[in-house]
Each structure stands twice: as C-alpha cells, then as structure tokens.
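Engineer: Mind having a look at this structure? Questions to follow.
What follows is calculated from the coordinates using simple rules that are stated; it is not laboratory data. As the structure is a prediction and not an experimental result, all values here were calculated from the model. As a convention, Cβ positions derive from the backbone with ideal geometry for all residues, glycine included, and neighbour counts pool all protein chains shown.
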Amino acid sequence: MADKVDILIYGPSKPVIDGGFPANFVLHKFENQRDLGRLAADVVGRIRGIAVTGLVPADATMLARFPKLEIVSSFGVGYDHVDSKYASEHNVIVCNTPDVLTEEVADTALGLLIATVREFIQADKYLRAGKWENAWYPLSAGSLRDRTVGIVGMGRIGQAIARRLEASLVPVVYHSRNPAKGVKYKHYPKLLDMAKDVDTMIAITPGGASTAKMINAEVLKALGPRGIFINVARGSVVDEPALIKALQDGTIMAAGLDVFANEPKVPEELRIMKNVVLLPHIASASVTTRNAMDQLVVDNLKAWFSGKPPLTPIAETPVKGR
C-alpha cells in the first residue's frame with residue numbers, strides 16, 4: 001500500500017478538490033488562517049502538500065508552519081496570494097492553474113469590452129424600465145469600429161484576447177516588460193507610450209508588487225477622454241482612487257471592471273456610475289472552467305506525490321529534477 005500523504009486543503013470547500021484524491025491521501029480542510037489554529041501539532045508536522053482553493057493568503061508566516069511542506073498547488077492563474085519568494089527559498093514548489101481558463105477569461109474580457117463600449121447594461125435597464133415604449137435608446141457614444149486596443153500583458157490570456165480582437169477587425173498593440181515570443185503585434189516597452197497611442201486598454205497582467213498601481217493617473221490621462229479601460233487582471237494593478245477620479249471628471253470615457261482593490265467590497269463611487277460596467281470577479285466563473293481548474297489543483301499534487309514532476313509549476317519555483 002502506498003505511503004499516506006497528508007494534504008492541507010486551504011480555502012473554500014470545493015467538491016472536485018475534496019473528492020479528487022485517492023485513498024492514500026489524508027485530507028485536512030480549513031477555510032482560513034484563523035481556523036488553522038485548530039490543527040494539532042502532530043498533523044502540522046506531517047503536512048507535505050497544500051491545495052489553495054481560493055484567494056486566501058498563503059504568506060510566509062502561514063507556509064513556515066509546515067516544516068515538511070514540499071508543494072503548494074494554488075487555484076487560479078494569479079498567485080500573488082502565495083508567497084512564492086518564501087517557497088523558492090525553502091525548496092517548495094508552487095503550481096497554478098493556467099491554460100484551462102484561458103479561453104473563458106478571454107471571452108469575458110471581450111464581452112466586458114463590448115458591453116462597456118456599446119452601453120449594453122444601460123440599454124438593458126432602459127428597456128426593463130419601460131422607456132423604450134416612449135423613445136429609442138440614444139446612440140452609444142462608443143464603438144469598436146474606430147478604436148485601437150492596447151493590451152497590458154501578452155501571456156496566454158493576452159494572446160487569446162488579441163486573437164478575438166483581430167477577428168473583429170480591431171487593431172491591437174501591447175505592453176509588457178519584454179516582447180512576447182512569436183507575437184506579431186507592436187510591442188511598447190513603456191506603458192505610458194502605449195497609453196498615448198491607443199484609446200482602449202485591457203489589463204491582463206499578473207498582480208503583485210511589480211505591477212501594483214501601474215495603471216495610474218498619468219496613464220489614464222494619456223488614454224484620454226475617449227478612453228475605455230477594461231480590467232480582468234487584478235484590482236491591485238490599478239490605482240483605484242485615480243480611476244474613480246478619471247471617470248468622474250471625464251479624463252476617460254468609461255471602464256469595465258471584473259476585479260477590484262478590496263474584493264468583495266466595491267467603492268460606492270463606482271457602483272453609482274452609469275459609465276462603468278461591474279462584474280463580481282467572474283472571468284473564469286463557469287462550471288466547466290472552474291471544474292477544470294479545480295481538477296488541475298488536484299492533478300499537480302497527485303503527480304508530485306506519485307514521483308512525477310507537477311504539471312504547471314510557476315517560473316519562480318522550477319522543478320530541478322524528480
């Protein structure tokens with residue numbers, strides 16, 4: 001019989017993850033750091049893997065509690081809630097769940113862009129209020145037909161968004177620290193330079209300290225009064241008060257936001273604006289895609305503890321051999 005492997009399931013309970021491990025895995029389920037205090041000392045000493053099932057913080061203090069920890073398998077593409085620096089320094093592998101959500105998030109980004117530019121949410125409310133019986137809805141000020149989209153980040157999802165825009169005959173350029181391999185779109189090394197040359201911006205860059213508040217007042221001003229800003233990245237990549245002010249005073253035209261600085265709390269100023277489309281962080285939130293992401297969390301841990309390399313380790317914690 002295979003040796004028992006103790007795993008901490010950390011975060012919201014999910015059926016695919018809870019029921020995805022074979023009998024040789026011993027599961028310990030806790031939804032937040034406060035609950036972790038109930039873990040017995042002998043169990044803490046046996047934990048070898050962690051499944052992070054949501055955006056719960058797995059910081060250095062939390063990870064350091066587990067002296068035999070080998071691997072953290074985290075739900076989602078973004079992993080700024082996991083201390084990858086600590087993990088790297090302590091030979092702990094961190095995995096995320098890329099690829100399986102790429103097309104779903106790209107679909108959401110394009111849908112959010114179109115809904116924002118063409119005022120679909122406002123038009124829906126107009127019809128439901130019975131106003132169409134008295135007058136046609138006003139022509140939308142925005143259209144994709146005369147726009148250039150600048151994508152902030154050109155990884156898997158950025159490229160999937162670009163493909164959709166190109167199929168819609170919308171010109172695409174992008175900003176990233178380095179040019180993306182095999183990508184034909186114009187690359188801007190400086191975000192501000194791109195903002196000056198486009199009127200529509202979609203953020204799909206990782207969160208974390210290196211990208212914190214990179215979309216600031218200066219960038220929004222450069223985007224201009226026709227500017228549309230779409231965020232399907234992390235709330236942290238935007239200076240949220242600066243965005244609110246830019247929307248209030250007409251520095252930019254509108255915004256479509258799936259993520260926020262202090263989720264699930266959304267500033268009242270955003271919630272009352274008519275020129276903003278707001279989504280509750282649902283870019284990958286279909287049953288099909290979320291189940292695939294949950295399964296990948298499980299599969300990374302199963303691969304590792306069967307003696308194989310994990311399927312999707314992050315760049316900061318590469319697998320050097322197995």
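Engineer: Pull out a ≥ b ≥ c, the square roots of the eigenvalues of the alpha-carbon gyration tensor of region 6-85, then state rounded if a/c is under 1.5, prolate if not and a/b is larger than b/c, and oblate in the remaining case.
Structural biologist: rounded
Engineer: In what sequence, highest mean first, do 108-121, 69-82 appear when ranked by Cβ atoms within 10 angstrom?
Structural biologist: 69-82, 108-121
Engineer: Just to be sure I understand: of the beta bridges DSSP finds with both ends in the chain, what percent are antiparallel, rounded to 5?
Structural biologist: 5 percent
Engineer: Still on this structure: Would region 102-278 count as rounded, prolate or oblate if I go by the C-alpha gyration tensor, calling it rounded below 1.5 in a/c and otherwise prolate when a/b exceeds b/c, oblate otherwise?
Structural biologist: Prolate shape, in that a/c is at least 1.5 and a/b is the bigger ratio.
Engineer: Let me ask you something else. Which percent, nearest 5, of DSSP beta bridges in region 102-278 are antiparallel?
Structural biologist: 5 percent
Engineer: Still on this structure: Which residue fluctuates the most in the chain, going by a Gaussian network model with Cα springs under 10 Å, if the choices are 131, 14, 85?
Structural biologist: Of the options given, 131 has the highest mean-square fluctuation.
Engineer: Between region 164-221 and region 1-64, how many Å separate their Cα centres?
Structural biologist: 37 Å
Engineer: What Kirkwood radius, in Å to one decimal, follows from the Cα pairs of the chain?
Structural biologist: With all distinct Cα pairs of the chain included, I get 21.2 Å.
Engineer: Would you list, by chain and number, the aspartates and glutamates whose Cα falls below 19 Å from the Cα of residue 245, excluding same-chain residues fewer than 8 positions away?
Structural biologist: List returned: 199, 218, 258, 268, 269.
Engineer: If you count, for each residue, the other Cβ atoms within 10 Å and average over each peptide, how do 148-155, 243-250, 213-220 line up from highest to lowest?
Structural biologist: In descending order of packing, they fall as 148-155, 213-220, 243-250.
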